[in-house]
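Reading through the structure tokens given below for one structure.
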Amino acid sequence: MTFGEQPAYLRVAGDLRKKIADGLLPPHTRLPSQARIREEYGVSDTVALEARKVLMAEGLVEGRSGSGTYVRERPVPRRVARSGYRPAGGATPFRQEQADTDAHGTWESRSEQAEASGAVAERLGIKPGDRVMCTRYVFREAGEAVMLSTSWEPLDLTGRTPVMLPEEGPLGGMGVVERMAAIDVVVDNVTEEVGARPGLAEELLALGGVPGHVVLVVHRTFYASGRAVETADVVLPADRYRVAYHLPVR
């Protein structure tokens, strides 16, 4: 193979990808069989199989048990707006994370005490093994899971207070800023880091993805006078969402 020349399976995958993008292979169309790819492109069974694997890993096609491989519907990405602006009176966690303020979503949550892992402890500025309140969320629209979130709060701060459980009590669901204010902790800063990685099996199962799909992960941490009071991982399907930031100019 000369310099710059693509392997055969990538050339075949590239041509099929172009046909999908151009609409020659529209959504729900069955992908040409392995034998058809072999004959059309003059390649081996191995090359045909590897080309199909590439398209599947990219999320362009999906296998249907006993039926074959089909072109997937390509969703139009939605924007998830991130901003320092907060409406008066607080906001539910779902509305804090969604760009569409008219969305009528629901969510499920479960809180339990746990020991901070090394990574969580570093983000919260505590020791590994210190007790934290871990809350896991599944956010839904029209019954479909669209976002996952896991948050951690140090129990040496919130333990034995009315806001120890984020989704229960008089301020349940009001968000970190309002809840912390109720125990005289003033949140004055928040940082977010956005990255992408292959989704974990349990994440993709919940979000309706397939192995190999990429997810966006927002690492968010709230601070009060330099002390981390909550940190969270927000997980979204990368093919369905874009993260948009609104940053004030000073």
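The values are calculated or read from the model by the stated rules, or taken from the named source; none is laboratory data. Predicted, not measured: the structure shown is a model, and the values here were computed from it. Heads up, the Cβs are rebuilt from the backbone with ideal geometry, glycines too, and the neighbour counts pull from every protein chain shown. Note: areas computed on protein heavy atoms with side chains; ligands, DNA, RNA excluded. Shrake-Rupley method; radii C 1.70, N 1.55, O 1.52, S 1.80 Å.
Would you please list the contacts, defined by Cβ atoms under 7 Å and residues six or more apart or on different chains, that run from a residue in region 228-250 that is part of a loop (DSSP other than H, G, I, E, B) to a residue that is at pLDDT 90 or above and open to solvent by 40 Å² or more (accessible area, probe 1.4 Å)? Between residues of region 228-250 that are part of a loop (DSSP other than H, G, I, E, B) and residues that are at pLDDT 90 or above and open to solvent by 40 Å² or more (accessible area, probe 1.4 Å), the close pairs are Ala238/Ala196. Scanning region 111-145 for residues that are within 18 Å of the chain's Cα centre (by Cα), under 15 Å from Asp233 (Cβ atoms) and open to solvent by 60 Å² or more (accessible area, probe 1.4 Å) yields a single hit, Arg136. If the condition is being open to solvent by less than 10 Å² (accessible area, probe 1.4 Å) and within 12 Å of Val229 (Cβ to Cβ), then region 147-165 contributes Ser151, Glu153, Pro154, Thr158, Val163. In region 21-64, the qualifying residues are those that are open to solvent by 50 Å² or more (accessible area, probe 1.4 Å) and of a type in the set (A, V, I, L, M, F, W, C), and the one that is modelled with the lowest pLDDT is Ala57.
Considering only residues that are open to solvent by 20 Å² or more (accessible area, probe 1.4 Å) and touching an Asp or Glu at 6+ places or on another chain (Cβ under 8 Å), look in region 223-236 and name the one that is nearest to Ile126 (Cα to Cα). Step through it out loud before you land on a result.
Going residue by residue through region 223-236, those that are open to solvent by 20 Å² or more (accessible area, probe 1.4 Å) are 223, 225-227, 233.
Those left that are additionally touching an Asp or Glu at 6+ places or on another chain (Cβ under 8 Å): 223, 225.
Working: Tyr223: 13, Ser225: 15 Å.
It comes out as Tyr223.
Residues of region 94-123 that are of a type in the set (Ser, Thr, Tyr) and at pLDDT 55 or above: Thr106, Ser109, Ser111, Ser117. Of the residues making up region 205-215, just one is open to solvent by 30 Å² or more (accessible area, probe 1.4 Å) and closer than 29 Å to Met174 by Cβ, namely Ala206.
Could you tell me whether Leu165 is under 24 Å from Glu122 (Cβ atoms), modelled with pLDDT of 90 or more and of a type outside the set (S, T, N, Q)?
no
Scan region 193-204 and tell me whether some residue there is assigned to a loop (DSSP other than H, G, I, E, B), closer than 30 Å to Leu60 by Cβ and either open to solvent by less than 20 Å² (accessible area, probe 1.4 Å) or in contact with a strand residue (DSSP E or B) (Cβ under 9 Å, 6 or more places away or on another chain) (or both). Yes, region 193-204 contains at least one residue that is assigned to a loop (DSSP other than H, G, I, E, B), closer than 30 Å to Leu60 by Cβ and either open to solvent by less than 20 Å² (accessible area, probe 1.4 Å) or in contact with a strand residue (DSSP E or B) (Cβ under 9 Å, 6 or more places away or on another chain) (or both).
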